[in-house]
Structures are given as structure tokens and as C-alpha cells.
Amino acid sequence: MNPESLSFIFLSAFLINNFVLALFLGLCPFVGVSAKRDTAFNMALATAFVMFVSSTCAYAINQVLIAFDIEFLRLISYIALIASSVQLVEMILKKFSPTLFRALGIFLPLITTNCAILGVALFQTSRGYDFFQSVSFSLGGGAGFGLAIVLMAGLREKLELSNLPNITQAAALSMMLAGILSLTFMGFAGLGTTA
Amino acid sequence: MADLDNEQNKVPPLPSSISLISTLGVVAMLSGFLVVLVYEYTKPIIAENQRLATERAIFKVLPKANSYLTFLIKEGAITQVDDTTKGELIYAGYDKNNNFVGLAVNAAEQGYQDIVKLLYGYQPETGCITGYDVLKSTETPGFGTKITTDKEFLANFSCLDAKVNQEQTGLINVIKTVRHGSKAKPWEIDAISGSTITSNAVGRMFNKSGQALHPIISKNLTLIQSAKQLKRGDHGQLN
Amino acid sequence: MANSTKKEAPLTLDIFTAGIWKENPVFVMMLGLCPVLAVTNSVENSLAMGLASIFVLVCSNALVSALRNFIPKQVRITTYIIIIATFVTLVDYIIQAISLDLYNKLGAFIQLIVVNCLILGRAEAFASKNSFTKSVISALGMGLGFTLALVMLGGVRELLGAGQLLGYQIFSLNFEPWVVMILPPGGFIVLGSWLLLINYFEQRKTGQLITQDSASHCTVSQPRS
């Protein structure tokens, strides 16, 4: 597959260089919100949506910054963008879909400080993706984040009924599980390249 | 609740919009000022660091070179530019007597983990790729990283055939990586056993770069060879 | 320690040492995990990231504390974020100027310091309510604790994954390095192991586990809601 093609970029962000398990982005919610599959899924939806919105706006802002040669303001503008997107998404949800708001609403403030959102914007800038590549990248990233967090939630739900020693409290266990998940995802490396 | 801070016992009046906006404005200006200050101060240092890094790589792949000139390849034409131009740049090395000694060309390709970037040495007169410097790679340590150190792999590049065909539209032969131990032709690359994906990436990137750039270089070779003699602004002297 | 009324925390050594172990940002509060796992594949990277984080932590908390009486409550989070982003941009350029090589190794994670919950959380919980000196001391403590955690992780990962520490060969060259330690799974597993170890000793000592709650610390509550 052509490494610059949209499908490869999506695949890379989704599986090969999974945002959580390979690039270490979005770990705070990954550890904190993955106790139950339903909440994890809702969190993933909210995150994916914000990721998509921020990524497209970040691309636009970056073009403006380059045009005016004020690239040193990039970080500040990205973070302002993310904070406002989250606020915007919250308002839109509240107005148009109160049910969805009740399900996802509590996660939205958490998403502002989610490394994954800022990570998408920064990575797509440093790799120089054009608009469609950025969209593909953010969609893949959102899907990858969702996959990882739902997998983790599934594992943790199962383990709730097991007899684990006390010292494997939430965080230590999550880390070990994440490590094993990450190992399995390493199997995707080299996918899509011609042998 | 102890009456420790009297002012904070009363509910403070909602600050006017002006006060909110002016606070944000002041903070924004302050931060903008700080950033611009540090940016302007560090910009020349960073540019110098980048130039030194590029230079180091160029002199590593063109050991006989004493100085270099930068060229931009755009739409089939080659023009001399300075270091800071963006685009597909190639570097021509010249020895002490301003004789052309070779070209340093960039190449990149998706490897095992992420993109691998190389700068390779190319001798247009003989059509040989003579070695490379790894600029950026996040390959698996001990496996993909062997492209920097593995002597057998590096021996592939004493002269990798990348000759341009007669019509100057591409290379005579497709450069490709073959299984470890089965290299038969000078345009094949013997892969590192246990690190096929990274080795394949190296083969693919040389082929891609060669097919795209070497014909253009051929067409403009005299321009590059004599550029130094024209004594247009040069840089990178190793004195 | 800061208590629930508006009294300022007394100036004791506790403010400094709390951040180093008892309230260690990584092992106890589980904050700022993204850079922790990404850059700890060698001790050199860990130290660099730790120092960069200390710089941003101390400077931003100092500024927030200095301006705490001038920032209206409604815009405080936005202001804090602008201040933090400024210092992160500064440190980004400073590192590029010092060593391009180091900058390439740390990559985008320098800029990701801005979403490190540790810094924003500290500004919100401590610097906005306490004097300049106390805020700086607390920030220093937290920063050192963070760096300590990073180096603990980086040390194990580099030692097992490459047989080296800071580039110096520690294990003999016959040692077959556990490359997985340098790769992403290794980061998770080493952190998990440290947490297990710390929990074990803490349980033996006090019969209780150190509480680890990450999500709550990262909540950036919007002023209006």
C-alpha cells in the first residue's frame, strides 16, 4: 500500500501505530474510564468526535498561521481551539440531543486535557499531512482509541469477578493489561507494506 | 467557617465583561511577548543547528567533498538555491579545487514502525549509489537499526547500480531488495536476515528516488558540475 | 497542607517533600502518563523530559500565583492554559536551540507537556490559592517527584532493553537485551511492575494501599457549568 494513501494512514493510526497502545496518547481516560464497556464506548465516541472536529479546525488554523508566518503561536492556538471545540460540542449536544448529552456529557471536560486530541493535531502538522490525510488520520486515531479502550474495558469487566491479589489495584492491573494488549498490537507492524 | 478573610465572606459582584476581556487580553499579550522574544532569540541558533546537522550528513556520504551547494528539483528542472528553501533538495559536493565529487540525495519510505529517512550519496557519472546516512528512523533496536551498522548490508552500497536508461526517463534496472544471500546483480540489495521489512523499505526508497530524480539529474548534470566554477555564493567550507 | 477552608498552607518542608514521594505525580496521582511512557526508553530522555516539565511547572505556577488576585474566577482556566502553553512553547524552542538531536528524540511530547494534568491541576489546586514562594516550592517538589518517577522507569527500561545507562554499557556485551523493554509494551509493563512493587511495600507498612485516582484530577471544570 502506498504509505501516503488515505487508507494506509487510517490503517496505521487504527492498528499499526495505535494511538493508545503504540503512541501512548490518551492514557488518562484509558486508565480512568475503562472500568465498564458502556462508559468506555461512550467515552470513545465523544473522544473520536472531538478528535475529528479539532483535527479539521487545526488544519485550517495551521494554514492561517503559515500564511501569516506566526508559527510560534501554533501550540497556544491549538490548545485554545481544543478547549473551544469541547465547549462547542457540549453546547451542541445539550441543545440537539439531550439523551446523548446525558450519556457523554460528563466526559467532555476530561477530553480537553486528553493528550490524544492535541496529539492528533501536532502529529498531523509535523508529518505535513494535507486536509484529506488529516481527516483520515484523525478518524483512524479515534477508531484506534475506541478499540483500545473498549478492549481494555472488556478485559477489566471480566477480571472483576476474579480473585486477584490486593496489590493489583486498578492502576497496576490496567498497566499490565495494557502492556499485554500493546504486545499483541505489535503483531500489526509491517501491515500493508509489500514484503 | 472562620472569619479569616473578610473580603471573601461577601459574594463578590460578577466582574464586568470588560474586566474579563481585559484580563485575557493582558495575559495573551504578555504570553505573546514572551514567546516572540524567545523565538527571535533562538531562531538563528536553531537554523544553525539544522544547517550543521545537514552538513554533517552530507560530508558523511560524500567524504571527498570540501564544500557543497544546494539545488532544488522542481518540475523536471534544477535550480541553485540556498539552504533554507523548502522542497526536494539535493546537495552537490565539491573538493578543494571546486571539482564536482558527487551528490547527496534525500529518500524516505515507510519502514516497520514509522518513516525511515536517509541521505544517500550518488555518483551520476558512474550511476552508483555509494552509501547513506540515516537521518531519522524509529525502527526496532537491534533489528531495523542494523541498517546503520550491519557490515554485510552496508557492503551492498559500495556501488549500487542506479544507472539512468538511454531515454533518460528512468533507471535501466529496478532496484530491489532480495532475500539474504541471494544477491546476484549490482542493482539488487541483500536484505538483513531478521529485518526484512526495514531492508525492503530501503530498497523501495532507493528505487523510488532513483526512478524519479536520477534522470532529471542526468539531464542537468553539466549545470551541477560547473556550478562551483561560476563562483556563485557558496557555503559549507570545511576550513 | 491545603485544607478545605480558605486558609493558606503553612510554609513547612512538607510542601516540598510531598510532591516527591507521598503525592508523587506518577505513582500516586497517576497524572501526566502520556510523556511518562513515551520518553522513558532511556535515562537521558527521561531526564530531559523531567527538566523540561520542571521548567514549565515552576514558571507557570509562579506566574499563576503572582497573578492570582488579578484573574477573575470565570476565566481562570483559560488563563492558566494560555500561561502553560506559553511556557511550553518557550521550552520547545529552547530545547531545539540546545540540542536538535535531543529534540528529535523527544519529538512531539515536549509540546504535549501542555496537557499534562499535573501542571494544570497544580495551578488550579495550589498556586491559585497560595503565595508565590509556597507555590514555587510545591511546584519544585512535584517536578522533582515527576522526574524521579521518569528516571526510575527510564533506568529499568534502558538497563534491561539495552544493557546501558546513560549510554554507558553496564551489562556485559554478552547480555542479550530485552528489546521489548524499549518498545511500547515495555513501558506499560515496567510502570505496572513499579506500581505493584510500591503497592506491596505500602501494604506491608500501613495495611493500606496508596489511593490512585487519575480521572478526577484531570477534570477541567468549565466555570459556567
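A count restricted to region B:128-153 and to residues that are closer than 19 Å to residue B:112 by Cα and either more than 19 Å from the chain's Cα centre (by Cα) or assigned to a loop (DSSP other than H, G, I, E, B) (or both) stands at 13.
Yes/no matrix, rows are residues, columns are (1) out of contact with any Pro (no Cβ under 8 Å at 6 or more places or on another chain); (2) at pLDDT below 85:
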site: A:4; (1), (2): yes, yes
site: A:11; (1), (2): yes, no
site: A:21; (1), (2): no, no
site: A:33; (1), (2): yes, yes
site: A:36; (1), (2): yes, yes
site: A:46; (1), (2): yes, yes
site: A:55; (1), (2): yes, no
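Take the conditions (1) more than 13 Å from chain B (Cβ to nearest Cβ); (2) farther than 30 Å from residue C:205 by Cβ; (3) modelled with pLDDT under 85; residue C:52 misses just one of them, which is (3). Can you pull out every residue in region C:88-115 that is closer than 30 Å to residue A:109 by Cα, surrounded by fewer than 19 Cβ atoms within 10 Å (Cβ to Cβ) and among the charged types (D, E, K, R)? Listed by number, the list is empty, since nothing qualifies. Could we say that residue C:32 is crowded, with 24+ Cβ neighbours inside 10 Å and farther than 24 Å from residue A:75 by Cα here? Answer is no for this residue. Among helices (runs of 4 or more DSSP H) lying entirely in region A:15-118, which contain 3 or more residues that are at the interface with chain C (Cβ under 9 Å from one of its Cβ atoms)? It comes to A:27-32, A:74-96, A:108-112.
Has region C:120-131 got at least one residue that is buried (at least 22 other Cβ atoms within 10 Å of the Cβ), at the interface with another protein chain (Cβ under 7 Å from one of its Cβ atoms) and in a helix (DSSP H, G or I)? Checking region C:120-131: at least one residue is buried (at least 22 other Cβ atoms within 10 Å of the Cβ), at the interface with another protein chain (Cβ under 7 Å from one of its Cβ atoms) and in a helix (DSSP H, G or I).
Contact annotation: residue pairs with Cβ atoms under 7 Å, 6 or more positions apart or on different chains, pairing a residue in region C:65-87 that is hydroxyl-bearing (Ser, Thr, Tyr) with a partner that is not in a helix (DSSP H, G or I), are C:65/C:130; C:65/C:131; C:79/C:71. The set of residues from region B:156-205 being within 13 Å of another protein chain (Cβ to nearest Cβ), under 19 Å from residue B:117 (Cα atoms) and part of a loop (DSSP other than H, G, I, E, B) comprises B:191, B:195. Against the condition modelled with pLDDT of 80 or more and either in contact with an Asp or Glu (Cβ under 6 Å, 6 or more places away or on another chain) or not small (Gly, Ala, Ser) (or both), how does residue C:15 come out, does it pass? The answer is no for residue C:15.
It is to be established whether one or more residues within region C:80-90 are at the interface with chain B (Cβ under 9 Å from one of its Cβ atoms), in a helix (DSSP H, G or I), under 30 Å from residue B:134 (Cα atoms) and modelled with pLDDT of 90 or more.
Yes, that holds for at least one residue.
Of all the residues in region B:25-49, those that are aliphatic (A, V, I, L, M) and buried (at least 16 other Cβ atoms within 10 Å of the Cβ) number 6. Scanning region C:58-75 for residues that are more than 8 Å from every other protein chain (Cβ to nearest Cβ) and buried (at least 18 other Cβ atoms within 10 Å of the Cβ) yields C:58, C:59, C:60, C:61, C:62, C:63, C:64, C:65. When residues in region C:21-47 are screened for being under 9 Å from the mean Cα position of the chain (by Cα) and not hydrophobic (A, V, I, L, M, F, W, C), 4 of them pass. Taking the criterion of being over 19 Å from residue B:50 (Cα atoms) and touching a Ser or Thr at 6+ places or on another chain (Cβ under 8 Å), the residues of region C:85-110 that qualify are C:85, C:86, C:87.
Mind checking which strands (runs of 3 or more DSSP E) fall wholly inside region B:80-127 and carry at least 3 residues that are touching a residue at least 12 places away in the same chain (Cβ under 8 Å), surrounded by fewer than 15 Cβ atoms within 10 Å (Cβ to Cβ) and among the hydrophobic types (A, V, I, L, M, F, W, C)?
It comes to none.
Among residues of region C:91-117 being facing chain B (nearest Cβ under 9 Å) and of a type in the set (S, T, N, Q), the one that is farthest from residue C:51 (Cα to Cα) is C:104. Of all the residues in region B:139-162, those that are closer than 18 Å to residue B:214 by Cα and touching a residue at least 40 places away in the same chain (Cβ under 8 Å) number 2. Taken over region A:119-133, the residue count meeting the criterion of being modelled with pLDDT of 85 or more and either at the interface with chain C (Cβ under 8 Å from one of its Cβ atoms) or under 29 Å from residue C:30 (Cα atoms) (or both) is 7. Only one of the numbered conditions (1) more than 10 Å from chain C (Cβ to nearest Cβ); (2) over 15 Å from the mean Cα position of the chain (by Cα); (3) closer than 30 Å to residue A:73 by Cα is not met by residue B:75, and that is (3). Of all residues in region C:19-51, those satisfying the criterion of being among the aliphatic types (A, V, I, L, M) and either under 15 Å from residue C:83 (Cα atoms) or assigned to a loop (DSSP other than H, G, I, E, B) (or both) are C:26, C:28, C:29, C:30, C:31, C:39. Is it the case that some residue within region B:53-66 is at negative phi, surrounded by 21 or more Cβ atoms within 10 Å (Cβ to Cβ) and of a type in the set (Ser, Thr, Tyr)? Checked region B:53-66: no residue is at negative phi, surrounded by 21 or more Cβ atoms within 10 Å (Cβ to Cβ) and of a type in the set (Ser, Thr, Tyr). Within region A:134-190, the set of residues being of a type in the set (Ser, Thr, Tyr) and either within 8 Å of chain C (Cβ to nearest Cβ) or under 16 Å from residue A:35 (Cβ atoms) (or both) comprises A:162, A:168, A:174, A:182.
The values are calculated or read from the model by the stated rules, or taken from the named source; none is laboratory data. Because the structure is a prediction, the values reported are computed rather than measured. We place every Cβ from the backbone using ideal geometry, glycine too, and count neighbours over all the protein chains shown.
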